[in-house]
Structures are given as C-alpha cells and as structure tokens.
1. So which pairs qualify, if the first residue must be in segment 241-260 and more than 17 Å from residue 184 (Cβ to Cβ), the second must be basic (Lys, Arg) and crowded, with 23+ Cβ neighbours inside 10 Å, the Cβ gap must be under 7 Å, and the two must be at least 6 apart or on different chains?
2. Looking at the structure I just gave you, is residue 16 over 21 Å from residue 181 (Cβ atoms) and either touching a residue at least 40 places away in the same chain (Cβ under 8 Å) or in contact with a Gly (Cβ under 8 Å, 6 or more places away or on another chain) (or both)?
3. Has segment 52-70 got at least one residue that is on the phi > 0 side of the Ramachandran plot and either part of a strand (DSSP E or B) or touching a Leu at 6+ places or on another chain (Cβ under 9 Å) (or both)?
4. Could you go through segment 97-118 and let me know if any residue there is at pLDDT below 95, farther than 19 Å from residue 9 by Cβ and either surrounded by 15 or more Cβ atoms within 10 Å (Cβ to Cβ) or of a type outside the set (S, T, N, Q) (or both).
5. Do the conditions hold for residue 36, that is, is it crowded, with 18+ Cβ neighbours inside 10 Å and either within 19 Å of the chain's Cα centre (by Cα) or at pLDDT 95 or above (or both)?
6. Could you grab the pairs with beta carbons closer than 6 Å, sequence gap of 6+ or different chains, first residue in segment 129-154 and touching a residue at least 12 places away in the same chain (Cβ under 8 Å) and over 23 Å from residue 64 (Cβ atoms), second one surrounded by 13 or more Cβ atoms within 10 Å (Cβ to Cβ) and among the small types (Gly, Ala, Ser)?
7. For segment 208-231, enumerate the residues that are in a strand (DSSP E or B) and more than 20 Å from the chain's Cα centre (by Cα).
8. For segment 114-142, what are the residues that are of a type outside the set (Phe, Trp, Tyr), farther than 30 Å from residue 93 by Cβ and part of a strand (DSSP E or B)?
Amino acid sequence: MRVAVLADIHGNADALRAVLADAQAQGAERLIVNGDVVNRGPDSVEALDLLLRRADVTFTLGNHDDLLRLWHARSDTLPQDWFTDSFWGATDWSAQALDRAGLLQVSAAWPMTAELFEPGVGRVLLAHGTAGHYRESLSERTPPERLEVLRRRDGGAPYDVLVGSHIHRPAHALLGGTLVLNTGAVGAPANQDPRAQYLLLTAAPGGWVPTFRAVPYDLRGVLGRFETAGLLRTGLSAEIFREELRTARSLYTPYWTWTEESSIPRTPGSWATFLNSVAGAAERAPSTNEKAPPVVWRGRGE
C-alpha cells in the first residue's frame with residue numbers, strides 16, 4: 001500500500017497538478033490532503049475543484065480552509081478589526097471566489113484528523129497541525145511530553161507515526177519510538193526549495209516507510225495569475241504571498257511579528273523596510289514557519 005500525503009496547496013493549481021501526476025507515477029493508491037487547499041494563491045477554486053473530482057481523496061481540515069468560511073460569515077471568533085483592514089484583502093478575495101463557485105462550505109464537513117492502519121505495519125495519525133489544533137506545529141522540535149500526549153490521544157494503543165503539515169517544510173525524526181513526519185508544502189514551500197513537496201508513505205513489513213518528494217514545475221504561470229486574476233490588486237498581503245512563493249521563504253509570519261513587536265503599521269513602506277533590513281538577516285538563518293502569529297483566532301479544534 002502506498003499513500004500520497006499532500007498539504008498546503010494554498011491556491012496553486014500548477015503545483016497541485018505536478019504533485020498529482022508525480023503521485024500517480026510513484027504508484028500511490030490513495031491521496032490524503034492534509035489541509036490548506038485554499039487561500040494565499042490565485043487558484044483556490046481550481047485547486048479545490050481538481051481534488052473534489054477525484055474518488056481517491058481523503059481530506060483533513062486546515063486553518064486556511066476554516067478561515068475562509070469564518071471570514072465570509074464575519075465570525076466573532078476572528079478579530080473584528082480584520083474586516084475593515086485592507087491588509088486582509090487577499091483573504092476576502094479568496095473567500096468571495098469560493099462562495100461564487102459554491103465551494104465555500106465544502107470544508108465544513110472535513111474532520112480534524114485522519115488515520116491509516118495496516119495490520120503488522122502500525123497506526124498513523126494525520127492532522128494539518130496536530131490532533132490538538134490545526135495551528136500547532138509538528139516537527140523534530142515538538143517537545144517529547146507533547147508527543148506522548150498526541151500519540152496516546154484516543155486512549156488506545158499508541159500511534160506509531162504522527163504526520164503533520166502547516167509549517168511548510170518537510171520534517172523527519174524518530175522521537176521516543178514515534179516516527180514524526182511533516183509533509184512540507186505543495187504550493188508554498190518555506191525551505192528555500194520552490195519545488196512542489198509532498199510525502200509518500202509505503203506500508204512495509206518493518207513499518208511505514210516515508211519518502212519525501214520534491215517535484216519541479218514552472219512557477220511563471222501561477223506568479224503571473226496573481227496579477228491577471230486580480231489578486232495582486234487586493235493589497236499588501238497578496239504581494240507578500242507572491243514573494244513567498246517566488247522565494248520559497250517564510251515572510252508573512254516574520255513580517256507580521258516584526259510589525260506587532262515594533263508597533264509598526266503594515267504598509268507598503270514598512271514591507272519594503274522589512275525586506276531590505278530584517279528579511280536580509282533572516283535569509284542567512286534556517287527558514288521556519290513554526291512560530292504562530294501573535295494574533296490568535298479561535299477556529300475549530302481550539
């Protein structure tokens with residue numbers, strides 16, 4: 001049995017097509033889409049429609065999948081000043097596009113977790129973040145005591161493998177007897193590798209064998225659609241998302257953190273300053289998307 005686990009597509013249909021073709025060539029019998037199909041990129045409708053047309057897909061809920069529904073409903077679980085802040089124009093644009101296509105509410109039925117079990121191979125628990133919350137990071141940096149809680153979450157036999165996404169970089173570690181994996185990102189990697197990245201899990205007599213795939217594709221199409229689809233005209237966040245895609249670096253979260261900690265407004269001017277001074281230093285450090293934004297909204301699972 002071979003399963004392709006893909007996540008963080010983020011409205012990038014070109015990257016998704018490349019991964020779907022590669023997964024088929026690798027003999028994947030099943031697809032698990034581990035959250036964040038939509039938002040950030042210009043192709044949320046197309047990416048979701050591509051997956052919904054398939055019969056071999058299992059979904060888990062990602063924070064961006066949930067965010068767009070909450071945004072459109074003007075949910076009181078979100079900071080209310082977001083709705084009048086032009087910085088969030090890209091989120092509004094994506095939510096409206098999904099609503100017009102009749103796809104906005106599809107993710108309401110998606111569970112927080114999925115499981116794999118093959119006799120003699122082991123139990124696998126998958127979630128966009130973790131089973132505790134879809135914005136909690138899972139990687140080699142997860143504390144051992146937290147891993148113990150996660151692997152025994154249902155009170156039964158402990159899970160042998162934990163799989164997360166959300167941090168936009170692959171991870172692979174054996175911690176306290178538990179195999180901890182992160183899929184990396186299909187549509188918006190943050191490890192300075194622009195290829196579309198996903199995880200293959202193969203059931204073998206000794207346990208689940210992970211293989212990390214990185215699939216090249218032409219970025220020019222999706223980068224161009226930021227402008228031709230109208231997304232780039234929605235404001236600064238769309239510009240940041242496009243730069244993240246172009247550079248395969250995490251920029252949105254460190255920029256947000258920098259503006260919050262320095263009480264600086266999020267404007268094109270502060271973004272230019274950030275790129276010239278702060279981001280230049282960050283480029284010399286390991287890329288990470290694991291620090292949660294300082295503004296926390298209460299989605300499902302919290």
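The values are calculated or read from the model by the stated rules, or taken from the named source; none is laboratory data. Computed from a predicted model, the values in this text were never measured in an experiment. So basically every Cβ, Gly included, is an ideal-geometry build from the backbone, and we count neighbours across all protein chains shown.
1. The qualifying pairs are 241/40.
2. Details: over 21 Å from residue 181 (Cβ atoms): no; either touching a residue at least 40 places away in the same chain (Cβ under 8 Å) or in contact with a Gly (Cβ under 8 Å, 6 or more places away or on another chain) (or both): yes.
No: the conditions fail for residue 16.
3. No: zero hits.
4. Within segment 97-118, one or more residues are at pLDDT below 95, farther than 19 Å from residue 9 by Cβ and either surrounded by 15 or more Cβ atoms within 10 Å (Cβ to Cβ) or of a type outside the set (S, T, N, Q) (or both).
5. yes
6. 140/171; 140/173; 153/131
7. Hits for segment 208-231 are 208, 209.
8. Selection gives 115, 116, 118, 122, 123, 124, 125.
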